[in-house]
Amino acid sequence: MTVSVRLKHRLGHFTLNADFEVPPGLTVLYGRSGSGKTTVINAVAGLLRPDDGHVVVKGRTLLDSAQGVNLPPHRRGLGYIFQEERLFPHLSVRQNLKFSRWFRKATRSDFDHVVEMLGIGHLLDRQPGALSGGEKQRVAIGRALLGDPSLILADEPLAALDDDRKAEILPYFERLRDELSVPILYVSHSAAEVARLATTVVALQDGRVAAQGPAADVLGDPTVTPLGTRAAGAVLAARVVAHHEDGLSELDAGGIPLFLPRVPHGIGQPIRIRIAAQEVVLSRDAPHGLSALNILPGTIEHLRAGAGPGAIASLSTPAGRLLARVTQRSAKAMELAEGATCYAIVKTVAIAPEDIGGGAA
Amino acid sequence: MTVSVRLKHRLGHFTLNADFEVPPGLTVLYGRSGSGKTTVINAVAGLLRPDDGHVVVKGRTLLDSAQGVNLPPHRRGLGYIFQEERLFPHLSVRQNLKFSRWFRKATRSDFDHVVEMLGIGHLLDRQPGALSGGEKQRVAIGRALLGDPSLILADEPLAALDDDRKAEILPYFERLRDELSVPILYVSHSAAEVARLATTVVALQDGRVAAQGPAADVLGDPTVTPLGTRAAGAVLAARVVAHHEDGLSELDAGGIPLFLPRVPHGIGQPIRIRIAAQEVVLSRDAPHGLSALNILPGTIEHLRAGAGPGAIASLSTPAGRLLARVTQRSAKAMELAEGATCYAIVKTVAIAPEDIGGGAA
Amino acid sequence: MDWLTATEWTAVRLSLRVAFWATLFSMPLGIFVAYALARWRFPGRQALNILVHLPLIMPPVVTGYLLLLAFGTQGPVGGFLEAQFGVTFAFRWTGAVLAAGVMAFPFMVRAVRLSIEAVDPKLEQAAATLGASRVWVFMTVTLPLILPGIIAGMVLTFAKGMGEFGATITFVSNIPGQTQTIPLAIDLLLETPGGETRAARLAILSIVLAAGALALSEWLSRRVADKVARA
Amino acid sequence: MDWLTATEWTAVRLSLRVAFWATLFSMPLGIFVAYALARWRFPGRQALNILVHLPLIMPPVVTGYLLLLAFGTQGPVGGFLEAQFGVTFAFRWTGAVLAAGVMAFPFMVRAVRLSIEAVDPKLEQAAATLGASRVWVFMTVTLPLILPGIIAGMVLTFAKGMGEFGATITFVSNIPGQTQTIPLAIDLLLETPGGETRAARLAILSIVLAAGALALSEWLSRRVADKVARA
Amino acid sequence: QAGDVTVFAASSMTNAMAEIEQGFEEDTGHDLSVSLAGSSALARQIQQGAPADVFISANPGWMDRLEAAGLLDPDTRFDLLGNRIVLIAHDAEAKPVALTPDLDLASLLAGGKLAMASVEAVPAGIYGKAALTHLNLWTGVATQVVQTKNVRAALGLVSLGEAPYGIVYATDAAADDRVRVIGHFPQDSHPPIVYPAAGIAGRDTKAAADFITFLQGPKARAAFARQGFVVIAD
Ligand SMILES: Nc1ncnc2c1ncn2[C@@H]1O[C@H](COP(=O)(O)OP(=O)(O)OP(=O)(O)O)[C@@H](O)[C@H]1O
Ligand SMILES: Nc1ncnc2c1ncn2[C@@H]1O[C@H](COP(=O)(O)OP(=O)(O)OP(=O)(O)O)[C@@H](O)[C@H]1O
Ligand SMILES: [Mg+2]
Ligand SMILES: [Mg+2]
């Protein structure tokens, strides 16, 4: 386990009692407002001393109340992107970004690269007071990343940014996760971010862990939908086969061809695609004459009716397990049942760029 | 025109030169980070004195540089939800919420109702320092709404909130817009919010207005997609016909029956539904055996290929104009062209709750 | 009660009275001047700033002498006040209050001004959008947020009120029961052969009283700070 | 040069020197004490707080007398310093520096402390997560943010250094060229029948010099504030 | 019939005035209040209309100032007290010296300081300097003189040992057993030391007149003598 966290803490009427262990990669902390996400992250960062706790990151014990171990924040090797940006008002953007260089030797992260990715090159000589909200947040992200952290804590880092900017920054977190194997604790409300980035999902509710597990399991398990049904979706592993001239990329997922808007990955590379359950149309007959390009044959493994009018079907296809959200009315009309065969129809354009990520699922 | 804004202002290297007029309702200001949205709102609020400007709201001149008119902020009758929450640290949540009551007589907004809607009843006796990020933002929203403003300025009010909470708060903005006819200037990056709330969309780019117009036009015009193609979508006007037992609501849209997850509106009431272009599957033949319940026959009015692999088709149907986003490959394969007839397939569950709003389109 | 003589007890009571009223009166004026210096740009701002600091720059005797010239019965201000409002400063305890207030004024203003400059104008803007006029913004937002500075200013003024010597003796003389505060009594005892012990007693009593005021202020500040604590 | 006598010019130079060094020396110590009072909880904290305020509470003569007892050649501290480091305070301008520094210390500490208490601990936390140890957090974040308080404290100390009288004359007496600062010279003139005009000249010069320091500090503060300006 | 009387007196008379206040109030039934401060401050305050009925100055110069300004009741001024200045030492073993031009004061000081009240402003200092000058001793020791705000402070320096020697009034020296008088300055080496007293113009109440009379009476003289003053008035 890369990160192991056990915390007990009281704050007024709120009690945190969280206990989770996660493998390498990016762990998304999910939960409603006030469920304790920031409190957990602060305790991991050493900014809050929990009543009782034990935090180990990559074999290094940061906190062990029983043993009296409690590393101060500056010796925890963190990059913390705060929920509010917390830029130093007396330093220029450049000095903010380079702040950690005064204390840690920069090795991995390349200043120019980070600045370019975040689109803050023209802001370097400004003071934080003269930035817009989103600009501040981007500088704050850069400042944390440039500290060459061995653990990243990110509290809703992209909430204030527009979609285009999000799409530019997300791959960087992927790279940190995959290439540099920096463990990341990431708070997010966005299902797309979760699906794309999460190795592991930890769902918090009133200070307790309500669900946890590998992202593919948690998101792809029709019986639990900790992030709400709209976040349900399966993650398929695929491999790039070709980039076509009309702007589509052809993938191979367990022998089934899939067409996506051009992906940035090279031919032969593995990628993971999240297919949201609500984007999948089911058909008992092989469909034809449709605008949707991706059709996957499969067998219904499991069908679960939700509290509302919907149901979630999990489908075993050659490409892997797929989730589909349909109305109970349709399920009845189509006589969907466990063991029934059917076709899953997925629109190419319905797969959002933020749902396509590098790396194996 | 309910709100008329003309502003010229320089901030360092940034120049704002915005000019827009909007009819009653909610105007979404859209634009990338740093495009000048907050600057516009601050000038309307009177927190920033532009080099030159003219702002009229509901016939009341708030600012007229030429005439030397410049109402101070406290006489502009505002409710401003700031990008950062700006709660008063020395006052309890309750005192923050009731702050404006000291200066304005409360008439319309009901304290208990707003508190309940925002889910902050249990926080009333806390100090802002003891709130989580999302809780602070909700209190800030409440504080602005409880001032009985005659103009609401909201700068990304819901960015920090989770989906469930958003779904609870959005109807309140609708009510303000429709029932109380309070003009609202609303900054948002969320296409769903834009689609659901916006009467008018004003897109800013580098301090200038890049596009503006009625939301239905801007979002439904296949030739302009100021908010990105993923935000494209048509808004249909419908009327509630029945609420079925299986949790679906049946609507009538120009004679076509539509099925949606249960809507909160009464039978006979008008509602508007945004159907995102990327959620629509097209078929040349009448489809059958599909899980999708909503099938609308139509004729292709317009087909525009985008820069990437996609194209946007606008479809004239009895329910109104619909947008569909397809790949150019499919368009070719299906021989889609202007004048061609086809069927639009829309999944019931693909219509997000935040895409369904009260009021005529 | 034989620990101190009756005159000395009178001096103690008088000192407390002087310190109390000096603190009370200089506070609102100090807040106003601090606000003006911190927030307004007006002609004469720098002159006002210098004026406020004068009692610090000049030897107390000079300040006392100038007070005597201005506020004495023969002085222009003193004569006016006496004629119009029947307020006399000369050789009264009221004059000691004035002297202590004037001497402590630079600290009062500085402390409050520092606090005002630390207030985030964004909060004041927020209050304005909620309907608060300038005055109300000040009353409901600025004032509560600068309480630490006000408390600090009051403590300094109170302490100075207990300790002021040079300007007081020059302005209002050393009249037992009227203007003889603790410091004046101590000074006299130090002038008197063998008076050291009694001087020390008075000094200790004065320190104890001021320490009490200090502790009270610390407690108040803590309460204010706890309320405003950012999590 | 006949506007002032040679002795008076010497007094002016000496006053500047005393005020300068008093400001310089009391600043670091003042920052340290202010930080300790603002941020640490330790036994004796309240006692330290009282000690810092003592020069304000007690008549300056008493402070001067206590300095004489402690730092005089016969005093324990003075004797030690002289024996160990060859530093003498008694009847030297260094003693005037010490007296001015001590008398101004409450203001220095208060000003800095107010600023420290206004620093948002969230920024310090952010610095810590970026690898800054406590000391570095202080150097890179706290210290720059409390500059307004430090500047205010320095101004008050400088002004007090120009104006301190009671403690100085008691501690180091009035030796022309050695310890006769402007206030001491003025006092002398005021004690002499007919000395008022020359006293006034000296006072005006002293005000002009202090006003210069004040203007400089305002300009510095403005620069700092502009840098930290929240938009 | 009892009245009030306010006396402004030089602070060096503190102890004597306490005794006199008691005696005067017992004898006359009047209520006496005494303001003790430096002669210069008191004189200025009287100029600015202070409610003083009688002024006793340690410095004839300030009395002259008030007289010239017409603030004194002209007939009431008289020289109340005299005093002597002496050379004192901290060392209890110090040998008495003869204060003549032959005295090697510099080597007596041996590099130490000579504490005096301000030689330009305070009477004791002015008299001291005059005496040293008269004896041709001043130039030899001028650089070693430390000047204090008043005589008491000079006495304090010697009694603490900060200055080994000092020049003070005989009255002050008598009151402090940590200093030793080692020489009396000849009376003719300096202008006569006098404390003038006078009533203030326009405040010639019966009580004030009674007080001036009392000052010259036997009780007051005894009190002054007990404090070491030379009583001039008769
Ligand atoms: N004081 C200032 N000096 C110079 N430039 C400034 C100043 N304040 C803002 N700007 C610039 O003005 C532009 C507009 O800022 P504004 O805050 O209006 O952006 P915005 O559209 O609200 O962005 P965001 O979505 O990131 O909040 C930005 O490019 C910003 O960098
Ligand atoms: N100082 C405090 N005193 C009492 N309760 C507190 C304090 N600080 C936080 N809380 C409560 O602790 C709970 C957890 O707060 P936390 O900031 O961890 O929430 P969060 O999950 O980060 O929420 P959000 O998404 O809104 O940021 C909240 O209910 C909050 O009200
Ligand atoms: Mg949080
Ligand atoms: Mg903004």
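Each reported figure results from applying straightforward, stated rules to the coordinates on display, with no laboratory input. None of the values given here were measured: they were computed from a predicted structure. Because the Cβ atoms are built from the backbone with ideal geometry, glycine has one as well, and the counts that use them run over all protein chains shown.
Charged neighbours of D:Pro193, selected by a Cβ distance under 12 Å, balance to -3 (K, R count +1; D, E count -1). Of all the options E:Asp53, E:Asp176, E:Asp79, the one that moves most in a Gaussian network model of chain E with Cα springs shorter than 10 angstrom is E:Asp176.
Shown is the FRET efficiency for B:Arg304 and A:His122, computed with R0 = 45 Å from the Cβ-Cβ distance and rounded to the nearest 0.05: 0.85. With both labels modelled 7 Å from their Cα along Cα-to-Cβ, the D:Val208 to D:Leu143 distance reads 3.6 nm. Look at B:Val187, B:Val5 and count the other Cβ atoms within 10 Å of each Cβ; fewest to most, that gives B:Val187, B:Val5. Overall, the protein assembly as shown carries a charge dipole of about 2160 debye about its Cα centre when +1 sits on the Cβ of Lys and Arg and -1 on the Cβ of Asp and Glu, all other atoms neutral. Distances between copies at D:Arg201, taken between label points 7 Å from Cα along the C-beta direction, are 4.9 nm in increasing order.
Distance between Cα centroids, the range C:48-76 to the range B:58-130: provide it in whole Å. Centre-to-centre (Cα) distance: 47 Å. Taken over the range D:146-194, the percentage of Cα pairs per 5 Å bin, counting from 0 up to the bin with the maximum distance, is 5, 20, 21, 19, 13, 10, 7, 3, 1, 0. Which number gives the lysine pairs in chain E that have C-alpha atoms under 21 Å apart and are eight or more places apart or on different chains? Lysine pairs meeting the criterion: 5.
Scanning chain B for the beta carbon that comes closest to the axis linking it by rotation to A yields B:Ala159, 2, distance in whole angstrom.
Could you please report the charge total around D:Met103, scoring K, R as +1 and D, E as -1 over all other residues with beta-carbon less than 14 angstrom from its beta-carbon?
Its environment carries a net charge of +1.
What separates the D:Gly212 label point from its copies, with the point 7 Å along Cα to Cβ, is 4.7 nm, written shortest first.
Rounded to the nearest 500, the 222 nm mean residue ellipticity of chain C from helices alone is -25000 deg cm²/dmol, with -39,500 (n - 2.57) taken per DSSP H run of at least 4 residues. Arranged from fewest to most other beta-carbon atoms within 10 Å of their beta carbon, B:Arg304, B:Arg284, C:Arg41, A:Arg329 become C:Arg41, B:Arg304, B:Arg284, A:Arg329. Bridging of A:Lys332 to lysines at a Cα separation below 23 Å is possible for B:Lys347, once same-chain residues fewer than 8 apart are set aside. Dipole orientation for the range A:111-180: of the candidates A:Ala140, A:Pro171, A:Ala130, A:Ala130 has the Cα lying most toward the positive pole (charges on Cβ; Lys, Arg +1; Asp, Glu -1). Here each label is just a point 7 Å from Cα along the line to Cβ, and for B:Lys332 and E:Val230 those points are 13.0 nm apart. Note on C:171-178: average number of Cβ atoms from other chains within 10 Å of each residue's Cβ is 6. The rule of thumb for compact globular proteins, 2.2 N^0.38 Å, goes into the C-alpha radius of gyration of chain D 1.14 times. Averaged over the residues of peptide E:158-170, the number of Cβ atoms from other protein chains lying within 10 Å of each residue's Cβ is 2. Modelled this way, with points 7 Å down the Cα-to-C-beta line, the labels at E:Ala142 and A:Gln269 are 9.3 nm from one another. For chain A, taking the reciprocal of the average inverse distance between every pair of different Cα atoms yields a Kirkwood hydrodynamic radius of 21.8 Å. Highest mean first, the peptides C:106-118, E:25-37, C:18-30 sorted by other C-beta atoms within 10 Å per residue fall in the order C:106-118, C:18-30, E:25-37. Pairs of Cα atoms nearer than 8 Å and 6+ residues apart set the relative contact order; for chain E it is 30 percent. With R₀ set to 22 Å, the beta-carbon distance separating E:His134 from D:Trp3 gives a calculated FRET efficiency near 0.10. What FRET efficiency would be calculated for the residue pair D:Leu51, E:Asp79, taking the C-beta separation as r and a Förster radius of 35 Å, to the nearest 0.05? Efficiency computed from Cβ-Cβ geometry: 0.15. For peptide B:150-163, the mean count of partner chain Cβ atoms within 10 Å of a residue's Cβ comes to 3.
Dividing the summed helix terms, -39500 (n - 2.57) for each DSSP H run of n ≥ 4, by the number of residues in chain B produces a 222 nm estimate of -5500 deg cm²/dmol to the nearest 500. Plugging the Kirkwood radius over Cα pairs into Stokes-Einstein for the range E:26-82, at a temperature of 20 °C and a viscosity of 1.002 mPa s, what D comes out in µm²/s? Taking Rh from Cα pairs, D becomes 174 µm²/s.
Taking 0.36 nm per intervening residue step and subtracting the Cα-Cα distance, what contour gain separates D:Phe32 from D:Thr197 on full extension?
55.1 nm
Each other copy holds its own label point for B:Asp19; taking that point as 7 Å from Cα along Cα to Cβ, the gaps run 6.7 nm, nearest first.
Straight-line cross-link reach from B:Lys98 at under 13 Å between alpha-carbon atoms covers these aspartates and glutamates, not counting any fewer than eight positions away in the same chain: B:Asp110, B:Asp112, B:Asp125, B:Asp148. Across the cross-link table entries A:Lys37/B:Lys166; A:Lys136/B:Lys37; B:Lys37/B:Lys136, which are compared at the Cα atoms, the separations over 20 Å belong to B:Lys37/B:Lys136. Let a ≥ b ≥ c be the square roots of the eigenvalues of the Cα gyration tensor of the protein assembly as shown; is it rounded (a/c under 1.5), or, if not, prolate (a/b larger than b/c) or oblate? Prolate, since a/c reaches 1.5 and a/b exceeds b/c.
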